[in-house]
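Data block below; observations after.
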Amino acid sequence: MALLEILKFPDPRLRIKAQPINEIDVELRRMVDDMYETMYASHGVGLAATQVNIHRQIFTMDVSETRDQGICVLNPEIIHQEGIQYEAEGCLSVGGGTYDKVERALKVRLKGMDLDGKIFELDAENLMAVCIQHEIDHLNGVLFIDHLSRLKQMRIRKKIEKLDRRE
Ligand code: GNR
Ligand code: NI
C-alpha cells in the first residue's frame, strides 16, 4: 500500500473530468487500496480519485465514527435526489482552513458499481449525501468552492496564494 499525494487547489489537474471504469483488474484494486490508505491517513470522510491525480470514476468514503465502514464506488451516479441542506464543507484539496456552507440535496439515491463489478444502489442522507455529492463533483472537475459567491472565491484564492508564497 502507498500514501498518495493529494492535489491542492488551484492545481489545474483538479479540473480534469474522470473517465468511466469498464474493467476491474489488479491495478484498479491497488489504486483503491491506496485511496483508502490516503483517505484514512488524511482523516477525510471521502476521497475522489481526481484528488490523487487518477482521472477515473472512483471514490472512497467513510462517514462512520469508528472509521471502519469504508465504501468504494465506481462509476457513481445520482439517480434521485430530494430536499435541501445547507451545511459547512471542507476539502482535502482546498487549504487555508477553508470551510463554508454549500447548498446540497438532503437525500440522494446513488447508483454505482462495487469492486466485484456488481451494480448497486444506496440511499443516503445528511453527511453521507453531502459527501457523495462532493465526491461526484470532484470526478467532474468541480470543487465545493465553485458553489460559493465570486467574492468568497476570490478571498479564498488570495488567502491560499499568500500561504503558498510562504512555503
Ligand atoms: O474530509 C472531508 N470532510 C468533508 C466535510 C464536509 C463536507 C464534505 C467533506 S469531504 C472532505 C474530504 C474531501 O475533500 N473529499 O473530497
Ligand atoms: Ni474534496
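Descriptive notes on the structure:
- Some residue of region 79-88 being within 15 Å of ligand 2 (Cβ to nearest atom), modelled with pLDDT of 95 or more and either under 17 Å from Leu143 (Cβ atoms) or in a strand (DSSP E or B) (or both): yes
- Residue pairs meeting the criteria (Cβ under 6 Å; at least 6 apart or on separate chains; first among the β-branched types (Val, Ile, Thr), in region 106-123; second surrounded by 14 or more Cβ atoms within 10 Å (Cβ to Cβ)): Val108/Ile78; Val108/Gln81; Val108/Ala124; Val108/Ala129; Val108/Ile132; Ile119/Met113
Residues checked against (1) within 16 Å of ligand 2 (Cβ to nearest atom); (2) open to solvent by 20 Å² or more (accessible area, probe 1.4 Å):
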position	(1), (2)
Asn22	no, yes
Leu28	no, no
Tyr36	yes, yes
Met61	yes, no
Asn75	no, yes
Tyr99	yes, yes
Gly117	no, yes
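- A search for C-beta distances below 8 Å between a residue of region 130-152 that is more than 17 Å from Asp62 (Cα to Cα) and free of Cβ contacts under 8 Å to residues at least 60 places away in the same chain and any residue that is of a type in the set (S, T, N, Q) and more than 12 Å from ligand 2 (Cβ to nearest atom), counting only pairs 6+ apart in sequence or on different chains, returns Asp146/Gln153.
- Within region 21-41, being β-branched (Val, Ile, Thr) and in contact (Cβ under 8 Å) with a residue 24 or more places away in the chain holds for Ile21, Ile24, Val32, Thr38.
- Consider region 38-59 and keep the residues that are of a type in the set (A, V, I, L, M, F, W, C) and open to solvent by 10 Å² or more (accessible area, probe 1.4 Å). The one that is farthest from Met128 (Cα to Cα) is Ile54.
The values are calculated or read from the model by the stated rules, or taken from the named source; none is laboratory data. For clarity, every value in this text was computed on a predicted model and none was experimentally measured. So basically every Cβ, Gly included, is an ideal-geometry build from the backbone, and we count neighbours across all protein chains shown. Quick note on the areas: whole protein, heavy atoms, side chains included, nothing else; ligands and nucleic acids left out. Shrake-Rupley method; radii C 1.70, N 1.55, O 1.52, S 1.80 Å.
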